[in-house]
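Here the structure is laid out as structure tokens; the discussion comes afterwards.
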Amino acid sequence: MRERLGAALVAGAIALGAAGCGSHGAQASHPQATQPGTAKTSAGSKPRASATSVRLRVVASRTLPAPVQLPGLGRLGDAIVAAGGLDAADSSVADVVRVAPGTPRRLGTLPLAVHDVGATAIGGRLYVFGGGTASGPTDSITALTAGGHARTVGRLPVALSDSEAVTIGDTAYVIGGYTTTTPLRSVLAYRPGRAPREAAALPHPLRYAAVAAIGGRILIAGGTNGTTARDEIVEVDPARRSARVIGHLPAPLAHAGGASIGTTFYVLGGRGDALTSQRRSIWAIDPATGRVRSAGHLPVALSDLGAVTVGDHILVAGGRDASGRVHAELLELAAQ
């Protein structure tokens, strides 16, 4: 299994799309979670769901240099790296860890020890947005270059943590977040060399949501306002500056990982409002219909995990279980 992890990631790294630490629209009725099958799709510009199985299974695993929760995962050149996070003592870390290909190892450090960052790649660089520090959230935008070198390249409109970030084309989008007093509805658009701008507003404030980009749109599942987990599945269309609810998860869920394979949006693990309510569930969402299907289970119930797409596989890094133990596993998942 170790050998397969390295080989698959080398082959798939160039196809990476990132995952995990805003106007009102029509609200769909709650879909029922079903077993995998072929979903009906609507005509138009939305992506069509694949007719193949959506269930995932673990095909390989490795061990990170140290346990971590809430890392930012993304592509840096031909590598997949984890930036920042919280360690087993719930302290922020500045580590930049090359998680694949090859044996996971520390590559460099961020300017600040930080957790709950939004992280996504533009070109060959990984951009890290905001994050929590020992003295509160930061507004910094940090670019990581080959070799793990980091420098501050911009500022967010407000210091924030608890956001997610994805890339569409040459633009990164930072979704939601928290200012230590206020959960945010914003979807911020950032292009290197330019100041961030608001691209859309979410229907409700969100922290710790599962996020992925598919077909020029941003898919968002669950999240919390800081006190109550949510079950909405939200689609953001940056081109139209719009956001709308397209469906619902089977139950409220926050602190989950989000990633995509093809036209399927996966939501991995997470928890409810209780600190000990971690889940093993993996849900597959059809962005064309909002339909939710069961897509398997993680080996352990985890929240606060990092997730990222590499080709037709998903990497899951770290996380926290119901006992409070922070994990150091790096799992590779693929469709059955």
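The values are calculated or read from the model by the stated rules, or taken from the named source; none is laboratory data. Everything numeric here is computed off the predicted structure, so don't read it as measured data. All Cβ positions, glycine included, derive from the backbone under ideal geometry; neighbour counts span all protein chains shown. For accessibility, only protein heavy atoms count, side chains too; no ligands or nucleic acids. Shrake-Rupley method; radii C 1.70, N 1.55, O 1.52, S 1.80 Å.
General remarks:
- Here the range 226-306 has 50 percent of its accessible surface on carbon and sulfur atoms, given a 1.4 Å probe and all protein chains in place.
- For the range 83-106, no residue has its backbone nitrogen under 15 Å from a point 7 Å from the Cα of Val153, taken along Cα to Cβ.
- According to the Cα-based calculation, Rg over Rh for the range 127-222 is 0.95, with Rh computed by the Kirkwood formula.
- Dimensions of the range 142-283 based on its C-alpha atoms, expressed as ranges along the principal axes with the largest first, amount to 41, 31, 31 Å.
- Highest-first arrangement of 315-323, 82-90, where packing means the average Cβ count within 10 Å: 315-323, 82-90
- Sequence-distant contacts, meaning Cα pairs under 8 Å at least 6 residues apart, place the relative contact order of the range 141-289 at 14 percent.
- With all protein chains kept in place, the per residue accessible area of the range 98-171 amounts to 37 square angstrom at a probe of 1.4 angstrom.
- Ordering 291-303, 260-272 by mean Cβ neighbour count within 10 Å, with the highest value first, yields 260-272, 291-303.
- Per-residue HN-Hα couplings for the range 225-233 [Karplus 6.51, -1.76, 1.60; θ = phi - 60°; Hz; x = Gly/Pro]: 8, x, 10, 10, 5, 10, 10, 5, 10
- The range 87-133 has equivalent-ellipsoid semi-axes of 18, 16, 8 Å, by the square roots of 5 times the alpha carbon gyration tensor eigenvalues, sorted largest first.
- Farthest positive-ward along the range 139-246 dipole, Cα basis, beta-carbon charges - from Ile233, Val153, Ile220: Val153
- Solvent-accessible surface of the range 196-302, taken per residue with a 1.4 Å probe and all protein chains present: 30 Å².
- Solvent-accessible area, 1.4 Å probe, carbon plus sulfur percent, for the range 55-140: 47 percent
- For the range 190-241, the relative contact order is 31 percent, taking Cα pairs closer than 8 Å that sit 6 or more residues apart in sequence and dividing their mean separation by the residue count.
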